Amino acid sequence: MEFLPYVYLTYMFISIYMLTFFLILYFRNRNKFFDYPKTDKKYSVSFVVPAYNEGKSIEESIKHIFNIGYPYLKEVIVVNDCSTDNTREVVESLLKKYPKLKLINNPKNLGNAARAQNVGLKQATGELVAVVDGDSFPAVGSINKMAGYFDDPKVGAVTCPVLARNQEHFWEKLQAIEYQAISFGRKLLEYVDAIYVTPGPLALYRRSALLGIGGFDENNITQDIEATWHLTAEGWNRKMCLATHVTSNVPSKLKPWFIQRRRWNIGGLQCISKYKKDIGRKGMLGLFIIPFFVINLFLGLFGLGIFFYLSFTRVLSKYLYTRYSITAGTPLVTLNDFYITPSFLNYLGVILFFVGLIYILMILSIMNEKILRKENILNIPFYLILYLIIYPFIMINAIWHYALKKQVWR
Amino acid sequence: MFESQKHTFWQALLITIVIFSMGIIFGVVLENWRTNKVDNLYKYSEIDLLDVKLQSEIYSMGNFNCGKAVEKNIAFADRVYEEAKQLEEYEKSSILTQDLKISHKKYDILRTILLLNSNKIKEQCNVSYQEVVYFYRYNNVDLNLKEEERVFSRLLEELKNDKGDKVLLIPIAADNNITSVDLILDKYNILQKDLPVILIDGKIKISELKSIDDLKKYFSN
């Protein structure tokens, strides 16, 4: 296949471009990377916590919210979406201890977080609305550090790093690395006004901005991505505060992780479908965010196609070779088979892999310096390789589900 | 702030083009280095071949020392065979440049001259070796044929390892648009569609894959 080397070269070019792009952004802004604007304004903040079967974590989550230390906290609204576990009882037991805690029990399950969040949003009265997942735990001082961004009237949403709370098992450790890399990248994207998601574990919105876009899209299973795109389309800026963080429970096993990522990808597809008309328009949404998602999708799928093609031809070759070898009585494997003359693409691939490794190490060292825990360095190559291998499969599975309209939230 | 940062897009593009170009230059340099290596080997092989040919000419004037001519011819064939394997490895990993394809053609011509020289020696001497010419497809895109040819090559490699100097092995790409090779194919009535073909002593044509033991039956010692 003569065109394959050109495909590899194209992938390499895009990888080098993205890496260079992020490195330039970092080195240009490194001195103010962890800075955040301080404010004298007294923004009142309402918390909205959608909860479905969060009995194990909701108490801890609420405690974290009340321990944030923000003086103008107006209310914490927990929207219990007809949980079948003891979520309701746990929250009710905290009502006396926390007078600003409010519990809304949906009479029937609304089916997704967006609907529950919108129920809470309607009740919220604060100037700012902080959305927190029922299994997430905002750090002390987080709102104090994030609120200052709203002094700029163009800012509609502020997010912060989401870190893996559980980092015991191998799969959790890989996600811990991933979450740090994502946070780092999101901060860099802020500098070019290209933040494309304000994640559910902790996002602080200007209530008027959120109401202005009609709240969360109840038909989108990644309402946080959709809301961010919608805010971008309406001209609102999004900011990332690296000076604080929120921790969240991450899937411990492959299957729930796969399902979670599939949901993210389906949500991404829904967003592309909804906003495809804005390609080339609406500022960075149409000029960068949507093309970035589309190119990512295309490269992932095309890469998977190439992978399947190569795997198929490799297996077929092996089969034919084995069949002919048996006929001829020649050895199936000789020492010569282990002698490989690498092409320059092999060399470039190895160099690129190590550059990627150094990039991740750099991220970890930068992030650790301020807010993060120690990571096992040996997990980084696993992270790079496993994610690279598995992600296209998640994507294709997501497209399959999307095409079949199997867009379930849980 | 965004206004001051938006230049990052094209700055990153420029740097990427520079890095990427360096990578391509590295690739071209690497492949050219390999081509030069093959060309150097070729030069020495060419000198050796001319030497062998001249020896035949000189000996034909007077006392012809068959033993030495045969010995030289086999040693030369073995060397060219090893060099061809190296060339093949380099060719597999060659992406940017096409120079090795030209080197391959040169080697095919060299091996054709070797074949003719071997025939000449055979006419004048009672040789102890058997000549095995392997005509194969070079510009092959069919996966099935590719794998069949790989096994043919391995089969002949096994045969050569087993028989040593009793076999003069000459692989020649038969679809490389070399007139002299085409003439030889005509002489032995070998068509392109028959490829790959093993020709033993200019008489026995084998185009179906055989077991190593069956192949050995064509050899007297």
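Structure values in brief
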{"read-out": "Given (1) in contact (Cβ under 8 Å) with a residue 60 or more places away in the chain; (2) under 18 Å from the mean Cα position of the chain (by Cα); (3) more than 25 Å from B:Gln192 (Cβ to Cβ), number of the condition B:Cys125 does not satisfy", "value": "(2)"}
{"read-out": "From B:Thr112, B:Thr97, residue being out of contact with any Cys (no Cβ under 7 Å at 6 or more places or on another chain), assigned by TED's automatic domain parsing to the domain that holds B:Asn40 and over 23 Å from B:Ile190 (Cα atoms)", "value": "B:Thr97"}
{"read-out": "Qualifying residue in the range A:174-182 (condition: within 21 Å of A:Ala139 (Cβ to Cβ) and at pLDDT 95 or above)", "value": "no"}
{"read-out": "Residue selected from the range A:333-352 under the condition in contact (Cβ under 8 Å) with a residue 24 or more places away in the chain and more than 7 Å from chain B (Cβ to nearest Cβ), by the criterion nearest to the chain's Cα centre (by Cα)", "value": "A:Leu352"}
{"read-out": "Verdict on A:Phe22 being under 25 Å from A:Ala194 (Cα atoms), under 22 Å from the mean Cα position of the chain (by Cα), part of a loop (DSSP other than H, G, I, E, B) and of a type in the set (Phe, Trp, Tyr)", "value": "no"}
{"read-out": "Residues (within 12 Å of chain B (Cβ to nearest Cβ), of a type in the set (Val, Ile, Thr) and surrounded by fewer than 18 Cβ atoms within 10 Å (Cβ to Cβ)) located in the range A:8-45", "value": "A:Thr10, A:Ile14"}
{"read-out": "Enumeration of residues in the range A:112-133 that are assigned to a loop (DSSP other than H, G, I, E, B) and within 17 Å of the chain's Cα centre (by Cα)", "value": "A:Val132, A:Asp133"}
{"read-out": "Answer residue from the range B:184-201, given it is under 14 Å from B:Leu115 (Cα atoms) and not aromatic (Phe, Trp, Tyr) and is surrounded by the most Cβ atoms within 10 Å (Cβ to Cβ) among those", "value": "B:Ile198"}
{"read-out": "Positions within the range B:132-148 being facing chain A (nearest Cβ under 9 Å) and charged (D, E, K, R), in sequence order", "value": "B:Lys146, B:Glu147, B:Glu148"}
{"read-out": "Test: residue in the range B:121-131 that is within 14 Å of chain A (Cβ to nearest Cβ) and closer than 20 Å to B:Asp48 by Cα", "value": "no"}
{"read-out": "Per-region count, the range A:148-177, residues touching a strand residue (DSSP E or B) at 6+ places or on another chain (Cβ under 8 Å) and closer than 28 Å to A:Asp81 by Cβ", "value": "12"}
{"read-out": "Tally of residues being farther than 30 Å from A:Leu4 by Cα and hydrophobic (A, V, I, L, M, F, W, C) across the range B:85-135", "value": "11"}
{"read-out": "Residue ID - surrounded by the most Cβ atoms within 10 Å (Cβ to Cβ), chosen from residues in the range B:134-172 that are without any contact (Cβ under 8 Å) to a residue 12 or more places away in the chain and of a type in the set (Asp, Glu)", "value": "B:Glu147"}
{"read-out": "Filtered residue count, the range A:90-110, keeping only those that are modelled with pLDDT of 90 or more and either farther than 13 Å from A:Ile62 by Cβ or in a loop (DSSP other than H, G, I, E, B) (or both)", "value": "10"}
{"read-out": "A:Leu384 being part of a helix (DSSP H, G or I) and modelled with pLDDT of 80 or more", "value": "no"}
{"read-out": "All positions within the range A:313-332 that are facing chain B (nearest Cβ under 7 Å) and surrounded by 13 or more Cβ atoms within 10 Å (Cβ to Cβ)", "value": "A:Leu316, A:Ser317, A:Leu320, A:Tyr321, A:Tyr324, A:Ser325, A:Thr327, A:Ala328, A:Gly329, A:Thr330"}
{"read-out": "Positions within the range A:41-88 being β-branched (Val, Ile, Thr) and part of a loop (DSSP other than H, G, I, E, B), in sequence order", "value": "A:Ile68, A:Thr84"}
{"read-out": "Among (1) part of a helix (DSSP H, G or I); (2) more than 14 Å from chain B (Cβ to nearest Cβ); (3) crowded, with 18+ Cβ neighbours inside 10 Å - the single one A:Lys282 does not satisfy", "value": "(1)"}
{"read-out": "Residue under evaluation A:Leu73, criteria (1) buried (at least 17 other Cβ atoms within 10 Å of the Cβ); (2) more than 10 Å from chain B (Cβ to nearest Cβ); (3) within 29 Å of A:Leu352 (Cβ to Cβ), criterion not met", "value": "(3)"}
{"read-out": "Boolean, A:Leu310 is within 14 Å of chain B (Cβ to nearest Cβ) and either under 20 Å from the mean Cα position of the chain (by Cα) or among the aliphatic types (A, V, I, L, M) (or both)", "value": "yes"}
{"read-out": "Single residue of A:Arg262, A:Arg281 found to be of a type in the set (Lys, Arg) and either on the phi > 0 side of the Ramachandran plot or in contact (Cβ under 8 Å) with a residue 24 or more places away in the chain (or both)", "value": "A:Arg262"}
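The values are calculated or read from the model by the stated rules, or taken from the named source; none is laboratory data. Keep in mind that this is a model prediction, so the values were computed, not measured. Methodologically, a virtual Cβ is constructed for each residue, glycine included, from the backbone with ideal geometry; neighbour enumeration extends over all protein chains shown.
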